[in-house]
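Written out below as structure tokens is the structure these notes cover.
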Amino acid sequence: MQTDDRNSPPTAEAGDLTTVAMGSLLADMNHDIRTSMNGIVGMLELLLETDLTDAQHEYARVAQNSVDTLLEVIERIVDLSLLESNQFSLTRTPFDLLSVLQAACEDKRPAAAEKGLRLTVHYPQSALLVGDPARLRQVVGILVNTAIRVADHGDIAVRHELDLGDRAGKLRMAVHASGPSEAGAQLTAALNQPLRTCMAALKMHGKNAVELALCVRLARLMGGSISVESAPRLGASFRLLLDIPHAAGAIAGMRILLLDEHAGRWDATLAPLAEAGARIEHAGSFAAGMQALSQAAAQGAPYALLLLAPAVQGIDADTLRTAVHGEPGYARLGIGVLMNADAPEKDRIRASGFGAVITEETTAEQLMHAALRLAGLITEHGGALQASTGTPPMDSASAATMFEGQRVLVADDNPVNQQVAIRMLEKIGCRTDVARNGQEAVDMQRDGAYDLILMDCDMPLLDGYQATSLIRRLDGPVKHVPVIALTACTTQDERDRCAAAGMNDFLSKPIRPQTLKDMLTRWMPRAEVAETHSAAVDDELDMVREMFGTDFAELAALYRNDSPPRIAAMRAAHAAGDHALLAKVSHALSGSSASIGATALSLLCRELENAAKAGALGDFAARLGGIEAEYRRVSAKIQSLLG
């Protein structure tokens with residue numbers, strides 16, 4: 001007798017395999033949809049920045065919001081499927097709990113107000129913890145959203161409590177929604193049922209079905225639980241209980257380099273880091289510090305951050321920071337400065353671009369926070385690095401000034417994606433080239449030395465991972481170019497794969513203009529520095545002309561005859577490796593420029609002088625290019641003043 005397997009009930013094993021296959025299929029579909037959406041979203045974003053009528057702008061905005069909603073729904077369906085098939089993974093990164101909770105709750109106020117509800121939130125104390133901040137924010141946001149949807153009137157009250165133990169913090173969150181008890185009872189009955197039954201029971205709440213099912217399973221994956229309580233005429237309460245480890249463990253083993261010629265004077269200030277297990281190593285000179293950084297990188301155990309004394313061997317901390325960031329490979333190294341709390345220059349230093357200013361009054365928690373931020377593990381505002389940069393939106397005019405002339409290579413085989421990236425980059429002042437496959441990207445970087453590469457991960461001949469690995473093996477400074485992954489995959493596994501290939505950061509499709517600007521700001525800091533100089537320093541040529549009167553013409557002629565040979569001498573001194581001569585010539589041009597009122601040019605020359613004295617000339621070409629450009633501007637203005 002033969003049996004017909006088509007009529008046999010599916011086994012548990014077969015069901016598990018089907019679930020896994022469905023999870024993989026949906027992940028692939030998410031990738032394909034995001035790739036296609038990149039052209040739609042990118043062009044809509046660019047369209048919204050053009051001159052449209054009010055009606056046209058509204059049409060484009062509605063289309064953009066609809067696409068955003070579609071992507072959000074697809075993302076949550078994929079997440080839920082991966083959770084059900086045990087293919088979902090959480091990140092473990094330090095984060096500030098208060099920042100994550102505020103981000104999750106505060107943007108829900110408009111939705112509550114639209115229903116006539118008042119949203120009140122009680123936050124816990126700030127604490128540095130380790131976990132997946134993006135998913136915690138998602139869980140908290142879904143609970144608040146669900147409460148808003150089921151509430152009929154009155155208030156939405158959110159209360160957080162945090163009990164800090166020796167190793168972890170116990171987070172308790174309660175969200176109360178006033179409304180009919182039936183909603184709470186139905187949700188309570190559905191939460192602990194199998195997925196299909198749960199989804200069917202939740203369908204009456206519309207969008208809550210996918211969201212709340214995802215929320216429950218995420219909480220369980222994080223080791224927590226969600227419950228719902230309801231009472232007649234009193235509404236429903238959603239509760240989250242979660243244990244989250246302390247972030248002190250992220251400090252243990254962290255390598256920190258301290259650059260100070262006086263060993264030991266900051267031991268007391270840095271004691272909390274040492275007690276948490278950080279390895280604080282000392283270098284007494286700039287040369288010794290650069291050697292230590294290089295050796296650590298070569299050994300595969302680079303320093304997480306650098307701390308500077310206010311001055312080392314007569315070179316101020318500002319100059320040291322500029323010199324270190326100018327060296328290939330260290331442009332993104334987190335640098336903090338140590339100084340006395342009563343130092344008169346403390347406020348100036350704080351505003352000059354250091355990642356942290358640490359004094360003897362810095363608390364242990366503030367010190368931990370600064371170390372994690374400098375190491376790139378959390379953002380300036382405490383959230384995880386992947387969650388948000390926390391920077392205010394940048395308008396197109398500011399971005400065009402900041403990124404003017406920066407060379408970006410777009411490596412992508414999709415013509416639509418190429419156009420989206422090129423249009424966005426050119427709109428903010430970048431110069432772009434296109435590589436249509438990974439091999440072209442490697443060859444073009446070898447020959448062209450770009451400031452940054454946007455690298456698609458899925459390309460012919462060589463994919464983005466292989467291309468990046470080859471770029472990291474090129475000779476010279478070209479191998480240190482920042483490489484940003486462009487991918488339609490959004491999983492942590494994909495992020496890890498990009499990092500393992502040597503990519504610096506991760507940009508998921510569809511690309512947004514503001515996200516792209518934030519990424520460029522993070523990875524092309526020299527453009528930002530140059531913009532700061534030109535914006536912050538005005539020349540005083542008009543004042544000097546008034547002071548000298550008719551004698552200004554003679555002074556100007558001397559200056560314009562003398563300056564070009566000095567600039568040529570700078571180039572020759574660098575080519576000969578004569579740092580002492582380069583410093584001497586830079587000093588001379590700085591002085592003559594200051595005398596005629598070319599203050600910005602004088603500052604650029606003085607910075608080159610300091611860099612030459614420190615032996616930090618990895619960015620000499622960029623520095624000299626800035627000096628030449630500023631001299632051309634000054635010379636043209638002098639000509640206009642002479643009439």
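The values are calculated or read from the model by the stated rules, or taken from the named source; none is laboratory data. Given the structure is predicted, the values throughout are model-derived calculations rather than measurements. Glycine gets a Cβ as well: all are built from the backbone with ideal geometry, and neighbour counts include every protein chain shown. These area figures cover heavy atoms from the full protein model, side chains too; ligands, DNA and RNA do not enter into them. Shrake-Rupley method; radii C 1.70, N 1.55, O 1.52, S 1.80 Å.
Quote the accessible area belonging to Lys479 in square angstrom, nearest 10, computed with a 1.4 Å probe and with ligands, DNA and RNA left uncounted.
About 70 Å², rounded to the nearest 10.
From the protein chains alone at 1.4 Å, what is the descending order of accessible area for Ile40, Ile627, largest first?
The ordering from most to least exposed comes out as Ile40, Ile627.
Indicate the gyration tensor shape class of the stretch 261-337 (rounded, prolate or oblate), computed on the Cα atoms with a ≥ b ≥ c the square roots of the eigenvalues: a/c under 1.5 is rounded; otherwise a/b larger than b/c is prolate and the rest oblate.
Here the stretch 261-337 falls in the oblate category.
Label points 7 Å out from Cα along the Cβ direction at Arg633 and Leu164: separation in nm?
4.8 nm
Give me Rg over Rh for the stretch 399-438, both radii from the alpha carbons and Rh done the Kirkwood way, two decimal places.
When Rh is taken as the Kirkwood radius, the ratio is 1.00.
Which of rounded, prolate, oblate describes the stretch 78-179, given a ≥ b ≥ c as roots of the alpha-carbon gyration tensor eigenvalues and a/c under 1.5 marking rounded, otherwise prolate only if a/b is larger than b/c?
Because a/c hits 1.5 or more and a/b fails to exceed b/c, the stretch 78-179 counts as oblate.
State, in angstrom, two size descriptors of the stretch 218-306 derived from its alpha carbons: Rg to one decimal place and Dmax to the nearest whole number.
23.0, 74
Using +1 on the beta carbon of Lys and Arg, -1 on that of Asp and Glu, and nothing else charged, what's the dipole of the stretch 97-148 about the Cα centre, debye to 20?
Here the size comes out at about 120 debye.
For Ala174, what charge total do you get from the other residues with a beta carbon under 12 Å from its beta carbon, if Lys and Arg give +1 and Asp and Glu give -1?
Value of the local net charge: +1.
Taking the Kirkwood radius as the inverse of the mean 1/r across Cα pairs, report the Rg/Rh of the stretch 420-479.
0.97
Counting only the heavy atoms of the protein chains, how much of Leu70 is accessible to a 1.4 Å probe, in Å² to the nearest 10?
The accessible area comes out at roughly 80 Å².
May I ask which residue of Val140, Ala112, Ala127 lies farthest towards the positive end of the charge dipole of the stretch 62-149, with charges of +1 (Lys, Arg) and -1 (Asp, Glu) on Cβ and the Cα centre as origin?
Ala112
Between the stretch 251-287 and the stretch 416-442, what is the separation of their alpha carbon centroids in Å?
After rounding, the separation between the Cα centres reads 42 Å.
Beyond 18 Å, what percent of the Cα pairs of the stretch 493-643 remain?
64 percent
Rounded to the nearest 10 Å², what accessible area does Asp54 have for a 1.4 Å probe in the complete protein model?
It works out to around 140 Å².
Let me check the size of the stretch 548-613 from its C-alpha atoms; what are the radius of gyration and Dmax in Å?
My reading of the Cα-based Rg and Dmax gives 12.6, 42 Å.
For an R0 of 51 angstrom, estimate the FRET efficiency from the Cβ-Cβ distance between Gln64 and Leu642 and round to the nearest 0.05.
For Gln64 and Leu642, the calculated efficiency is 0.45.
Which order do Asp96, Asp578, Asp551 take when ranked by solvent-accessible area (1.4 Å probe, heavy atoms of all protein chains), largest first?
Accessible-area ranking of Asp96, Asp578, Asp551, largest first: Asp551, Asp578, Asp96.
To the nearest 0.05, what FRET efficiency results for Asp342 and Ala364 with a Förster distance of 25 Å applied to their C-beta separation?
For Asp342 and Ala364, the calculated efficiency is 0.75.
What does the highest-first list of 418-425, 41-48 look like by mean Cβ count within 10 Å?
Packing order, densest peptide first, comes out as 418-425, 41-48.
Order Glu554, Glu345 by their accessible area, 1.4 angstrom probe, all chains in place, largest first.
Sorted by accessible area, descending: Glu554, Glu345.
From the residues Gly625, Ser602, Ser640, which one has its Cα farthest along the dipole of the stretch 580-643 in the positive direction, the dipole being from +1 and -1 charges on Cβ of Lys/Arg and Asp/Glu about the Cα centre?
Highest projection toward the positive end goes to Ser640.
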